[in-house]
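Here the structure comes first, spelled out in structure tokens, and everything after it is commentary.
The values are calculated or read from the model by the stated rules, or taken from the named source; none is laboratory data. What you see is a predicted model; the values in this text were computed from it and never measured. When we count neighbours, we look across all protein chains shown, and the Cβ atoms used for this are built from the backbone with ideal geometry, even at glycine. To get the accessible areas, we keep the full protein, side chains included, count just its heavy atoms, and leave off ligands, DNA and RNA. Shrake-Rupley method; radii C 1.70, N 1.55, O 1.52, S 1.80 Å.
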Amino acid sequence: MTSTQMVTAFKFRLDKTDSLNYPNFENTEIDLLLNQAQERIVKQRYGSNNIKRESFEETQKRTEDLKAIVSNAIIVPAATAVDNIRTTAQFVTLPTDHWFIVNESASITYNDCTSVSTTDIVPVYAIQHNDINNVIDNSFLKANKQRILRLMEAGRVELIHDSTTTINNYKLRYIRKPVAISSIGTLINCELSDHLHDEIVSEAVNLALEDIESKRLQSHSQIENKNE
């Protein structure tokens with residue numbers, strides 16, 4: 001569906017439930033609801049917070065749902081900063097459209113036991129800030145030539161490596177935030193898979209009904225309070 005077709009479908013479906021005389025929605029409001037629905041569906045598909053308890057790539061349909069917004073980036077880390085957790089840590093600035101990490105690894109260089117320079121691709125493991133002191137010096141969990149540790153920060157990741165390792169680049173596969181749907185001005189269609197468009201419209205209608213009922217409950221509550 002195009003963005004204008006999604007707006008038409010929204011109005012039609014809302015009209016079918018108009019037994020309670022729901023208000024008319026302007027196109028700007030419908031666009032907002034469609035984008036809220038789009039974000040909600042992406043979050044459901046990425047995680048397992050859905051009725052089928054299936055997360056991203058658990059089934060072929062889940063893979064097809066989000067394939068349009070899976071992106072790749074290879075990023076060279078910045079020089080060691082003054083605000084890093086450990087001296088053997090470097091920051092990587094995430095892409096501005098980054099939303100959820102799907103997979104990550106790092107290209108590293110180190111000298112092997114014969115002092116020969118070796119380059120390798122190793123996995124990156126996420127850790128939490130409240131676990132850092134327990135992990136950083138643990139012989140089995142700390143960063144080494146087989147693993148890099150990663151902390152999240154606003155707009156950046158902090159990659160922790162051992163003192164004998166140099167990080168060449170950070171390889172990231174991620175889900176980016178989908179572009180906003182627009183049916184006014186410059187028309188922007190939904191970029192998610194076609195089979196999701198109908199679900200987005202239905203979810204937008206649900207959001208509209210939730211908002212309407214919430215306002216009615218608030219108004220009813222205010223009237224009751226005035227009568228007390």
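Scanning the range 150-198 for residues that are touching a residue at least 12 places away in the same chain (Cβ under 8 Å), farther than 15 Å from L34 by Cβ and in a loop (DSSP other than H, G, I, E, B) yields a count of 6.
Across the range 196-210, the number of residues qualifying as open to solvent by 10 Å² or more (accessible area, probe 1.4 Å) and either farther than 13 Å from M6 by Cα or within 20 Å of the chain's Cα centre (by Cα) (or both) comes to 6.
Out of all the residues in the range 26-36, is one or more open to solvent by less than 40 Å² (accessible area, probe 1.4 Å) and modelled with pLDDT under 90? Scanning the range 26-36, I find no residue that is open to solvent by less than 40 Å² (accessible area, probe 1.4 Å) and modelled with pLDDT under 90, so the answer is no.
Restricting attention to the range 144-159, and to residues there that are more than 26 Å from the chain's Cα centre (by Cα) and either of a type outside the set (S, T, N, Q) or open to solvent by less than 60 Å² (accessible area, probe 1.4 Å) (or both), which single residue is farthest from Y110 (Cα to Cα)? Top of the filtered list is N144. Here I101 fits the description: of a type outside the set (S, T, Y), touching a residue at least 60 places away in the same chain (Cβ under 8 Å) and in a strand (DSSP E or B).
Residues in the range 66-86 that are in contact with a Lys or Arg (Cβ under 7 Å, 6 or more places away or on another chain), open to solvent by less than 80 Å² (accessible area, probe 1.4 Å) and part of a strand (DSSP E or B): V70, S71.
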